[in-house]
Amino acid sequence: MAEPVPELTWISTDYFVRVLEAYLHADVTVQRYELAAGCAGGQNFMSAIVRATVHYTLGGGRTAPEATRPDSVSLILKTKLPNAELAQGADMLNVFGIEKCVYGPVLKAVRELLTSFGDCTQFAPRFIYEDEHALVLEDLAVKGYRQPDRRARLDQAHLRVIVAKLAKFHAATAVLEGKNRELFRPLVNSMFTSEDNPIHLFYANAIQHCIEQTERVSELGQYTSFLRSFLQSAIERESKSYQRSAAGFNVLNHGDLWQNNLLWKYDADGAVEDVIMVDFQESFFGSPGFDLTHLLHSSANSAIQRAGFDEFVRLYTDELREALQQFKYDGPLPDLACVQAEMSAKRDHALIVTTCIVPPLILENTALATPENMLGDDEEAVRTRQAIFSNPAFIEVLEILLPRLAVADGSGSG
């Protein structure tokens with residue numbers, strides 16, 4: 001069954017005329033358009049995503065055959081959630097302001113930097129148009145990008161591609177910050193610490209349900225008191241994950257780098273060719289350990305989580321140093337010990353990701369993981385969360401990662 005499309009009263013043929021004329025730099029006549037949901041339910045808590053197929057002709061009605069030949073384009077529109085209360089929460093967190101800054105001036109500067117070195121790497125969808133209603137982006141599905149089965153999570157081949165690309169993205173932003181600090185000024189502080197941030201309630205609910213699972217599953221019983229203690233100060237501790245050291249190595253973090261925010265391209269044999277990052281609505285300038293911790297704990301498959309992340313931390317470090325040298329970074333190059341220390345410092349964030357972010361990711365039916373169900377206190381919402389957090393696949397994740405994170409908490413090492 002197709003996902004419902006939110007009611008968007010501001011959309012019209014005139015709206016798409018403005019979008020396409022800004023995109024194509026030509027007069028456009030829009031013939032018609034079709035709208036469809038841009039992602040499955042339960043996969044986006046901060047915005048509504050709509051895919052628009054727009055049929056148009058160039059030339060604004062001119063009669064020359066080449067001017068009136070019909071064409072079509074597929075666009076992605078990111079707009080406000082239909083739930084007014086949730087939309088107000090997203091406004092409070094300035095998610096559209098953050099994302100417009102990243103897709104606009106920041107990624108433009110990144111692209112110009114790479115081009116100056118003959119590098120054509122693309123990190124994100126092309127930014128087409130923005131106004132008070134929406135952010136309009138190219139639809140990468142047209143170029144063959146897609147998401148793999150989210151329940152399997154990412155294997156070694158996928159992770160090596162995204163870790164290498166993340167390192168280059170981080171390197172480019174570190175170089176740009178040295179050239180133009182004003183570029184990142186709107187992204188210096190994360191909105192996580194904002195009072196009444198609905199994510200705080202989401203996290204508290206999630207950790208409480210994880211505590212209940214440790215009480216239910218005998219193999220996890222030894223971690224009940226550990227999680228109870230963490231719950232008492234989880235928001236304060238997680239807030240520190242967003243702090244940065246002015247004397248340290250800092251980059252633009254994607255801020256929400258997990259499998260749902262990655263689109264992949266494959267060759268004819270099914271091998272990974274490329275990956276693109278989407279959804280920069282939580283981006284902030286800080287330690288690179290945040291993104292790397294978030295990615296590996298949220299999206300690595302169970303086999304990799306059991307083996308540990310050393311291979312990918314080394315790969316990230318090597319790729320980061322190479323890219324920094326390529327882009328003529330004039331500061332000291334971070335070494336492996338530096339990156340390991342940055343990740344160790346984000347142990348609390350690793351625990352938040354494990355207990356709060358992973359459960360909706362590996363859920364069989366993602367439509368259950370709506371903002372209403374994750375935040376609500378009514379009987380149906382609580383019952384739905386109980387089903388989400390008792391998922392055997394999630395219990396396996398807790399069995400793998402909690403021992404490592406609890407030991408780190410007790411010893412002070414990563």
note = Among 277, 331, 302, the residue whose Cα sits farthest towards the positive end of the charge dipole of region 277-414, when +1 is placed on the Cβ of each Lys and Arg and -1 on the Cβ of each Asp and Glu, is 331
inquiry  = Highest mean first, how do 102-109, 218-225 rank when packing is the count of other Cβ atoms within 10 Å averaged over residues?
reply    = 102-109, 218-225
inquiry  = Suppose only helical runs count, i.e. DSSP H with n ≥ 4. What mean residue ellipticity at 222 nm does that imply for the chain under -39500 (n - 2.57) per run, divided by all residues and rounded to the nearest 500 deg cm²/dmol?
reply    = -14000 deg cm²/dmol
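May I ask for the Rg/Rh ratio of region 290-358, computed from Cα atoms with Rh as the Kirkwood radius, given to two decimals? Don't skip to the end; give the middle numbers.
Details: Rg = 13.3 Å, Rh = 13.0 Å.
My calculation of the ratio gives 1.03.
What percent does the relative contact order of region 192-302 come to when contacts are Cα pairs within less than 8 Å and at least six residues apart?
Working: 114 pairs, mean separation 26.9, N = 111.
Averaging sequence separation for qualifying contacts and normalising by length gives 24 percent for region 192-302.
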inquiry  = For a quick check of your reading of the filter: which GluC sites (Glu not before Pro) in region 123-217 sit in a DSSP loop and have no more than 12 other Cβ atoms within 10 Å?
reply    = 132, 195
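Charges at C-beta only: +1 for Lys and Arg, -1 for Asp and Glu. How large is the resulting dipole of region 303-357 about its Cα centre, in Debye rounded to 20?
Values: 6 positive and 9 negative charges, 36 e Å.
Around 180 debye, computed over region 303-357.
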note = With x for Gly and Pro, the residue-by-residue ³J(HN,Hα) of region 133-147, computed from phi through the Karplus equation 6.51 cos²θ - 1.76 cosθ + 1.60 at θ = phi - 60° and given in whole Hz, is 8, 7, 10, 10, 10, 5, 8, 6, 4, 4, 8, x, 7, 7, 9
task = Rank 143, 328, 80 by mean-square fluctuation in a GNM of the chain with C-alpha springs under 10 angstrom and give only the top-ranked residue.
result = 143
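Report the local net charge at residue 395: Lys and Arg +1, Asp and Glu -1, summed over other residues whose C-beta lies under 13 Å from its C-beta. Could you put the intermediate results ahead of the total?
Details: positive: 216; negative: 212, 215, 219, 396, 399.
Net charge in that neighbourhood comes out at -4.
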request  = Set Lys and Arg Cβ to +1 and Asp and Glu Cβ to -1, take the dipole of the chain about its Cα centre, and tell me which of 371, 173, 289 lies farthest positive.
outcome  = 173
query = For region 207-292, what does the equivalent ellipsoid look like in terms of its semi-axes, each the square root of 5 times an eigenvalue of the Cα gyration tensor, given largest first in whole Å?
reply = 32, 23, 10
note = Non-local residues with an amide H under 5 Å from the amide H of residue 129, with H modelled 1.01 Å from N and Pro and chain starts lacking one, are 136
request  = Considering only DSSP beta bridges where both residues belong to the chain, give the percentage that are antiparallel (nearest 5).
outcome  = 95 percent
ask   = Restricting attention to region 310-387, which GluC sites (Glu not before Pro) occupy a DSSP loop and are surrounded by at most 16 other Cβ atoms within 10 Å?
value = 364
request  = Please work out the ratio of the alpha-carbon Rg of the chain to 2.2 N^0.38 Å and round it to two decimals.
outcome  = 1.01
request  = Would you work out the charge dipole size for the chain about its Cα centre, treating the Cβ of every Lys and Arg as +1 and the Cβ of every Asp and Glu as -1, and quote it to the nearest 20 debye?
outcome  = 760 debye
ask   = What length, rounded to one decimal in nm, is gained on full extension from residue 155 through to residue 204, with 0.36 nm per residue of separation minus their alpha-carbon distance?
value = 14.7 nm
task = For region 116-242, list log₁₀ I(q)/I(0) at each q in 0.10, 0.13, 0.20, 0.23 Å⁻¹, using the Debye formula over Cα point scatterers of equal strength and ignoring solvent, two decimals each.
result = -0.62, -1.00, -1.25, -1.26
query = In percent, how large is the relative contact order of region 112-256, given Cα pairs closer than 8 Å and 6 or more residues apart?
reply = 21 percent
request  = Compute the convex hull volume of the Cα atoms of region 304-414, divide it by the residue count, and report the result per residue in Å³ as a whole number.
outcome  = 149 Å³
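Over the chain, what is the relative contact order in percent, taking alpha-carbon pairs closer than 8 angstrom and at least six residues apart? If you can, show how the numbers build up before the last one.
On the way: 645 pairs, mean separation 74.5, N = 414.
About 18 percent, as a whole number.
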inquiry  = Springs between alpha-carbon pairs under 10 angstrom, Gaussian network model over the chain: which of 259, 213, 31 fluctuates most?
reply    = 31
query = Which distance in nm do the two modelled labels at residue 122 and residue 34 give, with both placed 7 Å along the Cα-to-Cβ direction?
reply = 2.3 nm
request  = Using a cut-off of 10 Å between beta-carbons, work out the net charge of the residues near residue 319 (Lys and Arg +1, Asp and Glu -1, residue 319 not included).
outcome  = +3
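Once you list every other residue whose beta carbon is under 11 Å from the beta carbon of residue 296, what net charge do they have if Lys and Arg are +1 and Asp and Glu are -1? Walk me through the numbers before you get to the answer.
On the way: positive: 153, 346; negative: 291, 310, 311.
Overall, the nearby charge balance is -1.
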message = Could you tell me the center-to-center distance, by alpha carbons, between region 133-161 and region 253-270 in angstrom?
response = 4 Å
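All of the numbers you see were taken from the coordinates with simple rules; none came from a lab. Remember, predicted model here, so these are calculated numbers, not experimental data. Glycine also receives a Cβ, built like all others from the backbone with ideal geometry; neighbour counts cover every protein chain displayed.
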